[in-house]
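The values are calculated or read from the model by the stated rules, or taken from the named source; none is laboratory data. If you're wondering where the values come from, they're calculated on a predicted model, not measured in any experiment. Using ideal geometry, Cβ is built from the backbone for each residue, glycine included, and neighbour counts are taken over all protein chains shown.
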Amino acid sequence: MERKEIFAVLNAIFEDVLDLEGGVDLTDETSANDIEEWDSLSHIQLVYAIQKKFGIKFSSLEIMKWKNVGDLVNSLEEKLK
Amino acid sequence: MVVNSINFLLFFAVVFIVYYLPVSRNNPKFQNLWVFLTSYFFYGLADWKMIPLLLGSTAVFYLLGWWLKKEMNNNHASTASRITTLGVVIGVGILAYFKYLDFFAEQIASLLNGIGLHITWTTLNIVLPVGVSFFTFKLISYIIEIHREHIEPCRDFISFNAYIAFFPTILSGPIDRPYKFLPQLEKVRAFDYSTAVKACYLILWGLIMKMGIADNLATGVDRLVINVGQYSALDLILGFVLYPIQLYADFAGYSNMAIGVGALLGFNVTPNFNYPFFARNVADFWRRWHISLTTWITDYVFTPLNIAFMNLQKWGVIFAVVINLVVIGFWHGANWTYGFFGLYHGLLFIPLVFSGAFSKKKKLKAGKFGLIPIKDLSMMLFTYILVAIGHTIFRAPDVSTAFNYLGSMFNFSSLTSISDGWGMIIYAVVPLILLIMKEFVEIYHPKFRVMELRYKAVKYIWILFLFTLWFVTQNQDSSKFIYFNF
């Protein structure tokens, strides 16, 4: 799956889970600091939804390492190979 | 040496002068060395016997950090995990030994006695090293953050010591995280006049909060939990309502002073409070109260649990939240009251998780006439009552006293009598009203903050007024900071 396609899917998941009415345009640098609705609780809901959508599972350490969406997408690309 | 003492003023004057001397002003390594030496001097005055513990544990974690990084670089993931676990075990072990061993052993002994096995446990009378709850948390955070690839190991042992032993915050926090603090040690901290003015303003408010509000309230409030039966319902209700304010003024007052002193040395210390009594529900309250502790436990206890319980959806979150808050409770000490306090708050989260109010963070906005909207105000008052109940459990010497206290507030026959001994709280009234007004303005009308106004004369008059206020209202029997006990 192309990186651009992954971002498109993630945008949709974020909009749905975080209830972002105005939509969102995620980039590699986007982090929880940039989106008010993205906190420790919604983070897990996001990860759950992403795992379900892509049919993969991340390890705890992987999840805790991510500093921004770019890191998340890198892990996702690794899993999808 | 407490922050609000003449001795500290003298100590800090020396620290400040040498720190900004021409020889050290442009040399971060010299500044760090000076922070390290003065921090150990400061700690030695508080608890010199524990210097080996502080220095030793700092050295162990410094080495662990480098060993961990080496294994991570060689892709030995399971070894790396084991080293991190070792670090956590050592850190928690230090805390467990000093803080909880006696309590834990006594509980086991009474349990065994209860089933007929006669065991005696002579209390070891282990003395709690000053600041141990705070510096062990910094050390544990350090090793975990290296493992999570959020920081690199510290290159300089002196700087690392300066971070762990940092004297403004070693006794009672705030708990600075390595990724925010260590980078600051790498740069020169040049003196900045406007930062220094803001720092002094913060320290002044800290003094007013601690000595003008908290210490004066304490004279009437503290005695109530010692002998509940002696007091009327009115006494107990007054204490119930005032204690959260007293605790806030004491701890936030101290935190402000610590942050202010740190700022005078050019450091940006992490905040501890964000207007907690303007919280509209308990979840919001915990995002505003003792922030450096709750974010620490959220990052290292809640998040891993939350991930582990992911498949249990909202029930998983609830388990993680309850465990999180019980841990926060017990962090304060080895007493069932602290565990109960945590459990109580954890259970209060359940309706919030189900309703979704757990995470919604609507900004506070002024309503009609620029005041707090009625709906928000009533939620704040309701939250305050819930918090006050928890704080009664928190401060009681044991659980039965806590329930006795809460129940005795409903002795309607004694609602009209009041004990002597409330006299001193009069001194707290003006500072408290000013504090509430200050916080209200800062949240709802920040453009009207006195320190933001253009007229210098107004600022000077205000500062002079505050200084006089502190001088007039400060309680001379200034008691120890409440959070020195943790």
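A few remarks follow.
- Matching residues, region B:267-302, being modelled with pLDDT of 95 or more and among the small types (Gly, Ala, Ser): B:Ala279, B:Ser292
- Identity of the residue in region B:214-269, closer than 18 Å to B:Ile389 by Cβ and of a type in the set (Ser, Thr, Tyr), that ends up surrounded by the most Cβ atoms within 10 Å (Cβ to Cβ): B:Tyr231
- For the residues B:Arg449, B:Arg454, the requirement of being without any contact (Cβ under 8 Å) to a residue 60 or more places away in the chain, farther than 22 Å from B:Gly220 by Cβ and touching a helix residue (DSSP H, G or I) at 6+ places or on another chain (Cβ under 9 Å) singles out B:Arg449.
- With respect to (1) within 14 Å of chain B (Cβ to nearest Cβ); (2) out of contact with any Phe, Trp or Tyr (no Cβ under 8 Å at 6 or more places or on another chain); (3) part of a loop (DSSP other than H, G, I, E, B); (4) free of Cβ contacts under 8 Å to residues at least 24 places away in the same chain, the lone exception for A:Ile56 is condition (4).
- Test for B:Gly91: is it of a type in the set (Gly, Ala, Ser), farther than 18 Å from B:Ile170 by Cβ and modelled with pLDDT of 95 or more: no
- Selection status of B:Ala334, farther than 20 Å from B:Phe273 by Cβ, within 21 Å of the chain's Cα centre (by Cα) and not in a helix (DSSP H, G or I): yes
- Restricting region B:111-149 to residues that are surrounded by 15 or more Cβ atoms within 10 Å (Cβ to Cβ) and polar (S, T, N, Q), the residue that is nearest to the other protein chains (Cβ to nearest Cβ) is B:Ser141.
- The listed residue being modelled with pLDDT of 95 or more and either in a helix (DSSP H, G or I) or of a type in the set (Phe, Trp, Tyr) (or both), out of B:Ile425, B:Ile433, B:Ile461: B:Ile433
- Among the residues here, A:Asp28 does not qualify as farther than 19 Å from B:Glu149 by Cα and part of a loop (DSSP other than H, G, I, E, B).
Each row is one residue, and each column tells you yes or no for (1) crowded, with 18+ Cβ neighbours inside 10 Å; (2) free of Cβ contacts under 8 Å to residues at least 12 places away in the same chain; (3) aromatic (Phe, Trp, Tyr); (4) in contact with a helix residue (DSSP H, G or I) (Cβ under 7 Å, 6 or more places away or on another chain).
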site: B:Lys365; (1), (2), (3), (4): no, no, no, no
site: B:Lys375; (1), (2), (3), (4): no, yes, no, no
site: B:Gly390; (1), (2), (3), (4): yes, no, no, yes
site: B:Phe403; (1), (2), (3), (4): no, yes, yes, no
site: B:Leu432; (1), (2), (3), (4): yes, no, no, yes
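- Subset of region A:59-75 [within 11 Å of chain B (Cβ to nearest Cβ) and in a loop (DSSP other than H, G, I, E, B)]: A:Ser59, A:Trp66, A:Lys67
- Test for B:Ser400: is it of a type in the set (Gly, Ala, Ser) and outside any helix (DSSP H, G or I): no
- Condition check for B:Phe358 on (1) within 16 Å of B:Thr294 (Cα to Cα); (2) in a helix (DSSP H, G or I); (3) within 14 Å of chain A (Cβ to nearest Cβ); (4) of a type in the set (A, V, I, L, M, F, W, C): one failure, at (2).
- Flag for A:Lys4 being loosely packed, with under 13 Cβ neighbours inside 10 Å and part of a helix (DSSP H, G or I): yes
- From B:Ile158, B:Ile170, B:Ile175, residue being closer than 21 Å to B:Ala252 by Cα and in contact with a Leu (Cβ under 7 Å, 6 or more places away or on another chain): B:Ile175
- Residue, nearest to the chain's Cα centre (by Cα), within region B:361-375, restricted to residues that are within 14 Å of chain A (Cβ to nearest Cβ) and not hydrophobic (A, V, I, L, M, F, W, C): B:Lys361
- Restricting region A:31-53 to residues that are modelled with pLDDT of 90 or more and within 13 Å of chain B (Cβ to nearest Cβ), the residue that is surrounded by the fewest Cβ atoms within 10 Å (Cβ to Cβ) is A:Lys52.
Condition check ((1) assigned to a helix (DSSP H, G or I); (2) in contact (Cβ under 8 Å) with a residue 60 or more places away in the chain; (3) within 19 Å of B:Phe181 (Cα to Cα); (4) of a type outside the set (Ser, Thr, Tyr)) across all residues:
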site	(1), (2), (3), (4)
B:Val89	yes, no, no, yes
B:Thr122	no, no, no, no
B:Ser141	yes, yes, yes, no
B:Ile146	yes, yes, yes, yes
B:Glu152	no, yes, yes, yes
B:Phe160	yes, yes, yes, yes
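- Unmet requirement for B:Tyr100, which otherwise passes all of (1) within 14 Å of chain A (Cβ to nearest Cβ); (2) touching a residue at least 12 places away in the same chain (Cβ under 8 Å); (3) among the hydroxyl-bearing types (Ser, Thr, Tyr): (1)
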